[in-house]
Every structure is written in structure tokens, then in C-alpha cells.
Ligand code: DSN
């Protein structure tokens, strides 16, 4: 076995990790699906649990030597149940996409109809976008938001009555409003459809009681664990007890092999952190920070999709400022502010160069930034987007970004 430290053995990889650490520390991370995990979570990810195979579930494994792995996985499940009030939880999905795919195969038959939201209105690729393989297996039909940016429940009901879906899917990647799960459930009951919510983006806000929780109402709820929930990169499925067997079988052996138990340990730690009272303050501050940005951008004449935000993110049409989403993203990158270009509802432009940018506050809030910093950052973003080709200005804003981020150290423990 190689006994050398990473820096000695593989300087290429070590330097890339160090540079990425410096990038994260010196910039402003505003991709709404990203966050910074704790040192304890990092420690579990890099632990010896990565060495172990453990196909199966606690108490029912196909391999020997799983007694400590079982402790880890049971702890993760129990904590997640406490956080969300779920009847049954599977913590093995490797990420959000496989969690969703496992649900489709677990409770549906090929050819069944799924009613999910259009990608440009805030839906996710795995909710039936034609480029995914799932779209070859299941019949996805897509609903949209209305002109005010709300889910159009009349249209959703009409579509449900017309297409008779087996599954109605809510929960989005670029949608900034609260979701009325009870209205969706009513429609699903009327047409005999299962209900599924993919709460990947807002799981942390739900766990903290800052957004509606679909878990008590819906049949199935999927999430990733690395967004607002601030855990390791991974997925999770919560469901009613009556779906437990189907879901577990769909994850393993249906779709995956050995679970990544180092990752499941890190999930357990993140869930413990999310159960702390301070996590509620964190979730509240995420929303407060997003509201400040909403006001700053509205005051400066930006077009906010869905009319604003109830959660952690904003989807902004930047074309009235004379830039495309791609140009906006690149200019912001140059200034050290990381966002992503994003389609806006019924975007006339292409996904590779859409009209919008999507940005959010979970990662900045983890660093301890509050309202005053959001005012500054809103102003910086506006200046970048308004003068996106003025490279001198972008360099000056880059310096402002560095000064601001230096006031909020991220991982002093990892300093090199
Ligand atoms: N990539 C995630 C996001 O940014 O929303 C969703 O898969």
C-alpha cells in the first residue's frame, strides 16, 4: 500500500484540491444547489468506511463484517426520520438522479404516465426531459407555471384528468415559490395517481420548518443531501411504509450495487447538525438573505421569474440588461461570483445560452453572511451585469469580492 502523504505522492491532485479550496474561500459561491459541509462531514467522507462493501440493508447484508456499517446506516435513517417525520427512509441512493429513477422503477411499470413540471419552468432533467433515458421508458407529460409564476392548478388538474398519470411529480430545481402540496394531493387523489415530491433544493428549509413539508402528505419524497441540507453529495428516498419494500428493492438490487457507507456516515452527521437549534437560524437566514437580493434586484429593474422568492433562490431574466445568461455567468465568474446560466419559463433562447441566471444564498449563509453583505453582493452583481465587457471594472470587483470573502473564513482548519 502506498504510505506517502497525498502532497508527496500526487502533487497534481493535491494542488488541484488546494486550488479548489482557495477558489471556494476567495469567491462568492451563489449556485443555489451548492453548499459547504462541516469538517466533521469531510472527515467521515475520507474515512475507512470507503473500504467496505455492504450490499443489502441493516441486518440483511450479503457480506460479512457489516456490524459497524449497520450502526452507521441505522443512525442515518433514524436521524432523517426525526428531521422529516418519515415512515420509511432509504439513505443509499448515490445522488438525486438515481433516487428519482429508483422511485419510477419501484412503483411504476414501463409506459406509465408521469406528470411533472417543464424544465424551463423550474423542473428537473430527471422529471422527464426528453434527453434522459427515463423519457424512453415512461410517458412524461409536463405542466407549467402561470403568467404570475405560480403553479397553475387548474391546468394541472385538467392535464391530470386528460392524461390519467400514475404519478404526479412536484419539487423543482429553479422554482422559487412555496409549494401547496395539499392541492396537488387533492388532484392526485381525484385521478388515482401517486404523489412524489423531489425536494432536493429545499430539504434543509423543510427540515428546519421554514417551508411546507410534503412528507406527511405525499407517498414518496426524494432529496439530495448536499444542497440546503448541507450534507455530503448523495440522495435519499422517504416514503410511506406501504411503499418501503418496493423502494428498497428498486434501489438495491434494482439499480445500485454496494452503498457508499462513508457517504452515509457523512449524511448521518449532517442530519445531526440539521437537528441542532442553530440549523433553524441558518435556514431562516437563507430566506432572509434571498429576500434582500430579491429587493435589490427588483429596485434595479431586473425581471424576477415567478415574481420573487419564498425560498433560497432567484431566477432572473438578464436579457433586459443587454446580456444573455451565458455572458452574465462568464462576467460574474471573472469577478469571482459563481452563479449558473439557466432557462427562464418558455425561454426563446437555447439551454447553452439561455436568458436567465439562477443564484441562491445557502453557501454564503453558511459562511455567516447576512443582510448587509447581501446588499453589497447585489450591488456587485448589478455592476457586473451592467458592464459585463468592462474587464477593468470586473477586476476591481474581483478585488472587492476577495476582501469581502476574507472577512468570512471558510475552512481555517484546512489552511495551507
Ligand atoms: N444540479 C442540480 C442543480 O443545480 O439544481 C440539480 O440536479
Exercise. Which condition breaks for residue 184 when tested against (1) within 16 Å of the ligand (Cβ to nearest atom); (2) buried (at least 24 other Cβ atoms within 10 Å of the Cβ); (3) more than 21 Å from residue 79 (Cα to Cα)?
Worked result: (1)
For this session: Can you give me the number of residues within region 183-216 that are more than 22 Å from residue 82 (Cα to Cα) and not in a loop (DSSP other than H, G, I, E, B)?
Result: 10
Problem set entry | Positions within region 265-282 being surrounded by 24 or more Cβ atoms within 10 Å (Cβ to Cβ) and under 17 Å from the mean Cα position of the chain (by Cα), in sequence order | 266, 267, 270, 271, 274
For this session: Look through 56, 64 and report the one residue that is under 27 Å from the mean Cα position of the chain (by Cα) and farther than 20 Å from residue 232 by Cα.
Result: 56
For this session: Taking residue 171 as meeting all but one of (1) more than 16 Å from the ligand (Cβ to nearest atom); (2) at pLDDT below 95; (3) closer than 20 Å to residue 238 by Cα, write down the number of the exception.
Result: (1)
Exercise. Tally time: how many residues in region 100-143 are closer than 17 Å to residue 343 by Cβ and within 18 Å of the chain's Cα centre (by Cα)?
Worked result: 14
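The values are calculated or read from the model by the stated rules, or taken from the named source; none is laboratory data. Just so you know, these numbers come straight off a predicted model, no measurement behind them. Note: ideal-geometry Cβ built from the backbone for every residue, glycine included; neighbour counts use all protein chains shown.
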